[in-house]
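Please treat every number below as a calculation from the coordinates, not as lab data. In this text the structure is predicted, and so the values were computed from the model without any measurement. Positions of Cβ are backbone-derived with ideal geometry, glycine not excepted, and every protein chain shown enters the neighbour counts.
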């Protein structure tokens, strides 16, 4: 990536100003590359980009994990090596439910952690370009790709709606 | 959503976003204080004592403990259940209050979760040692092996316990870590020293607060929150089945799962109270952990104490009402009166009666008294586990098998060792991790300011 000239960013001091700029830019049809905020701003999460499907995927992890665990229990205890304890049935379905629930939770946790790490592009020692160091502290940043949209217009919109500065985005890595 | 005017602000002092970061992150940059180093030293000595005791237990055997054929479960199981109970606070705090949309949790949940992770780690030591031959501990895993293939018994509460504790440790640690990722990124971007930038940068995993990251962050916290809510109830229910599935007098009762879960939340919240009173005082975080926060925790403690009292009375009533002579003996001649009277009444007074003082606002707002009560609750909860484990076992059906029990020095040392691990862990948490969830507090603060406009 040619980092030097590809992006510009508008830096905001307040969430309200950020939201005004965000709405205005959507109205004018200006494309926003990304928004960096110190805490989740729900209006932006709902209106920028696709919805995350992580929760739906998580449900399917749970569904298949529960079937898998139950099948494993029935196979090992009922088919592979049935044990006789006190003449009780070796395929003791009701008491298998406890393990099924807990191991399902266990599997959902591990699988969705890895999915999160992969989809959100986060893993230990990962370094992504940081455009503005204040974005994790007290600044809100809108990033605009010059090649995809009219940079001059975006600059003026952001300035009008209360950006404290609109500058060339130079990430430090 | 939190939108009543009655409760007052959650964060005092009209903080700006930058101020919140500075307030919470400043202990991380400051040089360690004298008391902190002393605390670390004392807890290290306790840990060393614990490691020595663990070494003796493993190299010589369980014979170094005071347990015998009759009282097979001594301090190890008491302390295991006690620690697991304390370890329920974090999840109870984060998850139940997340589901109930209680915004005030965000000032406390980080510390509560830290406590959870350390306490569950401490708890796991005891059953591992109690197995006797720790080098054979992997036998509990269901894997195709050369002994059969002999699979484990899926109907045994002891196996359920192993699975539940492992799952609980995994999920509470990952929930805790997930919440810390944005805060680690804040430290990475704010820290002056190169070492801090590198270390926190490593753990921040490249977080930038972008839209895609926040979306998936929220998605994952809903998933983990939803399933951990199930887990927090089931873990201690499973611990209670360790007891309830057997036919010992005083154990074989359907009351046990709710009784244990509520007891766990009780002791956990008491430990949270103890910790938060210390933490806000030392680090001057009174604007974030306000008196109103502690008042809410105190009210929860008071209410849960009522449930505990009801559970104790129910147990006694059912023992009498069943007409079963062994149950009557255990409760009326072995607990309320008899050899273990002191422990029974310590449990009853500390858990069911003393917290009721908090009905009075004067007492609730006197933090010294609240602090003492919260410690008494944890002492009381320890005696509750003592009552359950030791009184039932020492005198059951056959008088010829009756035996008494007192712990040896090694047993006590293992317990002191886990206390050392807990204090050590909490001190490291104070120093190296933002004690309050910075990003969550910012969101709560912003919501408050908006309402004012």
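Helix B:438-452 against the longest principal axis of chain B: what's the angle in degrees, Cα atoms only, rounded to the nearest 10? Long axis of B:438-452 versus the principal axis of chain B: about 60 degrees. Relative to the current alpha-carbon distance between residue B:368 and residue B:402, full extension at 0.36 nm per residue lengthens the span by 7.9 nm. Remark: mean inter-chain Cβ contacts per residue of B:200-207 equal 6, using a 10 Å Cβ-Cβ cutoff to other protein chain atoms.
Placing a pseudo-label 7 Å from each Cα along the Cα-to-Cβ vector at residue B:278 and residue B:306 gives an inter-label distance of 3.1 nm. Legend: mean number of C-beta atoms from other chains within 10 angstrom of residue C-beta atoms, peptide A:110-116, equals 5. Relative to the longest principal axis of the Cα atoms of chain B, the long axis of helix B:34-60 makes an angle of roughly 30 degrees.
In terms of surrounding Cβ atoms within a 10 Å radius of their Cβ, B:266, B:96 rank from fewest to most as B:96, B:266.
At a 10 Å Cβ-Cβ cut-off, how would you order A:159, B:192, fewest neighbours first?
If I rank by nearby Cβ atoms, fewest first, I get B:192, A:159.
If I take R0 = 25 Å and measure r between the Cβ atoms of residue B:178 and residue A:16 in this structure, what FRET efficiency does the formula 1/(1 + (r/R0)^6) give, to the nearest 0.05?
With a Förster radius of 25 Å, E is 0.30.
Against chain B, whose longest principal axis is taken from its Cα atoms, helix B:211-244 shows a tilt of about 20°. Distance between the 7 Å Cα→Cβ label points at residue A:165 and residue A:146: 1.7 nm. Normalising the average separation of contacting C-alpha pairs (under 8 angstrom, six or more residues apart) by the number of residues puts the relative contact order of chain B at 32 percent. On the basis of the beta-carbon distance and an R0 of 60 Å, residue B:196 and residue B:324 show a calculated FRET efficiency of 0.40.
Centre-to-centre, using Cα atoms only, the stretch A:18-80 and the stretch B:321-357 are separated by 51 Å.
A crude spin-label estimate for the pair residue B:349 and residue B:48, with each label 7 Å from Cα along the Cβ direction, gives 3.8 nm.
Cα centroids of the stretch B:261-320 and the stretch A:82-124: 32 Å apart.
I need to check one value: relative contact order of the stretch A:54-119, counting alpha carbon pairs closer than 8 Å and at least 6 residues apart, in percent. Each step should come with its number before you reach the end.
Values: 39 pairs, mean separation 33.0, N = 66.
After rounding, I find 50 percent.
In the protein assembly as shown, helices alone account for a calculated mean residue ellipticity at 222 nm of -20000 deg cm²/dmol, with every DSSP H run of four or more residues adding -39,500 (n - 2.57). Ordering B:168, B:143 from the fewest to the most neighbouring beta carbons within 10 Å gives B:143, B:168.
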